[in-house]
Amino acid sequence: MTFGEQPAYLRVAGDLRKKIVDGRLPPHTRLPSQARIREEYGVSDTVALEARKVLMAEGLVEGRSGSGTYVRERPVPRRVARSGFRPERGATPFRQEQADAGVRGTWESRSERAEASAAVAERLGVESGDPVMRTKYLFREAGEPMMLSTSWEPLALTGRTPVMLPEEGPLGGMGVVERMRAIDVVVDNVTEEVGARPGLAEELLLLGGVPGHVVLVIQRTYFASGRPVETADIVVPADRYRAAYHLPVK
């Protein structure tokens with residue numbers, strides 16, 4: 001194979017993808033069968049199968065048991081707005097994660113003591129196995145699951161204080177900045193790193209995706225004088241949402 005030449009299965013997938021994108025294979029249309037792909041493109045069954053797998057992994061088609069493979073409806077992406085770390089006082093958890101003031105939603109949460117994994121410990125600047133408060137959220141917009149979040153806070157900082165449980169107590173649901181202020185910790189910086197990966201099975205089950213779908217992962221960490229005080233993984237379906245950042249110019 002010469003430099004720049006694509007494998008046969010990618011060339012077939014690329015042609016089928018073009019037909020889907022330009023509307024020649026509209027949503028809910030049955031994808032050509034493996035035998036039809038083999039005949040039309042002059043390729044082997046293996047190549048035809050691999051081409052279909054590529055389109056499935058890209059979320060362009062879906063398999064229906066006993067019926068075949070069909071072109072999926074392509075949703076128009078909506079925004080998950082990100083705009084800094086100082087929500088208005090009394091902001092709901094949904095508004096803290098989705099900064100678009102015109103969007104309304106609901107959420108479910110569950111907090112529990114846990115031990116920091118090596119990755120979480122590195123982000124929080126603690127030792128692996130140190131106690132943390134882990135809180136898991138499921139956010140919904142118009143009843144539709146749209147975002148997951150898992151946050152971790154070091155119990156060396158919040159343990160035995162009124163803000164130990166993020167969604168309970170006198171400051172439950174007030175957000176990291178306001179809760180930390182209540183224990184004389186001033187949050188002065190936040191970082192967010194955005195990446196993408198295939199969704200985990202449990203994530204896609206909650207978000208209504210199918211195996212192979214890609215999710216955006218926003219790794220957010222709040223700091224007070226350089227010390228990490230909370231870190232979180234925010235997971236959003238990449239085919240339905242875009243992370244939109246509004247950053248002030250100083």
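The values are calculated or read from the model by the stated rules, or taken from the named source; none is laboratory data. Please read all numbers here as calculations on a predicted model, not as lab measurements. Quick reminder, even Gly has a Cβ in these numbers, built from the backbone with ideal geometry, and neighbours come from all protein chains shown. Only protein heavy atoms, including side chains, enter the accessible area calculation; ligands, DNA and RNA are left aside. Shrake-Rupley method; radii C 1.70, N 1.55, O 1.52, S 1.80 Å.
Observations on the structure shown:
- Looking across segment 62-106 at every residue that is touching a Phe, Trp or Tyr at 6+ places or on another chain (Cβ under 8 Å) and aromatic (Phe, Trp, Tyr), the one that is modelled with the highest pLDDT is identified as 94.
- Members of segment 224-243 that are modelled with pLDDT of 90 or more, assigned to a loop (DSSP other than H, G, I, E, B) and under 10 Å from the mean Cα position of the chain (by Cα): none
- Number of residues in segment 203-217 that are open to solvent by less than 60 Å² (accessible area, probe 1.4 Å) and at pLDDT below 95: the value is 9.
- Evaluating residue 31 against the criteria (1) open to solvent by 70 Å² or more (accessible area, probe 1.4 Å); (2) more than 28 Å from the chain's Cα centre (by Cα) leaves one unmet condition, (1).
- Taken as a whole, the structure places residue 183 among residues that are touching a residue at least 24 places away in the same chain (Cβ under 8 Å) and farther than 20 Å from residue 120 by Cα.
- Segment 144-161, subset open to solvent by 10 Å² or more (accessible area, probe 1.4 Å) and in contact with a helix residue (DSSP H, G or I) (Cβ under 7 Å, 6 or more places away or on another chain), residue nearest to residue 209 (Cα to Cα): 145
- Residue selected from segment 218-239 under the condition of a type in the set (A, V, I, L, M) and closer than 19 Å to residue 109 by Cβ, by the criterion surrounded by the fewest Cβ atoms within 10 Å (Cβ to Cβ): 218
- Among the candidates 72, 30, 52, 82, the residue that is within 30 Å of residue 187 (Cβ to Cβ) and of a type in the set (Lys, Arg) is uniquely 82.
- Which numbered condition residue 221 fails, given (1) of a type outside the set (A, V, I, L, M, F, W, C); (2) at pLDDT 90 or above; (3) part of a loop (DSSP other than H, G, I, E, B); (4) closer than 21 Å to residue 113 by Cβ: (3)
- The combined condition, being of a type outside the set (Phe, Trp, Tyr) and open to solvent by 50 Å² or more (accessible area, probe 1.4 Å), is not fulfilled by residue 141.
- Taking the criterion of being open to solvent by less than 60 Å² (accessible area, probe 1.4 Å) and small (Gly, Ala, Ser), the only residue of segment 183-197 that qualifies is 195.
- Screening residue 118 on (1) surrounded by fewer than 18 Cβ atoms within 10 Å (Cβ to Cβ); (2) modelled with pLDDT under 95 shows it passes everything except condition (2).
- Filter result for residue 200 (more than 13 Å from residue 222 (Cβ to Cβ) and open to solvent by 30 Å² or more (accessible area, probe 1.4 Å)): yes
- Of the residues making up segment 34-68, those that are open to solvent by less than 40 Å² (accessible area, probe 1.4 Å), under 28 Å from the mean Cα position of the chain (by Cα) and not small (Gly, Ala, Ser) are 54, 55, 60, 61.
- Residues that are surrounded by 13 or more Cβ atoms within 10 Å (Cβ to Cβ) and either part of a loop (DSSP other than H, G, I, E, B) or in contact with a strand residue (DSSP E or B) (Cβ under 8 Å, 6 or more places away or on another chain) (or both) within segment 1-26 comprise 20, 25, listed in sequence order.
- Every residue from segment 147-175 that is within 25 Å of the chain's Cα centre (by Cα), aliphatic (A, V, I, L, M) and either at pLDDT below 90 or farther than 29 Å from residue 202 by Cα (or both): 174
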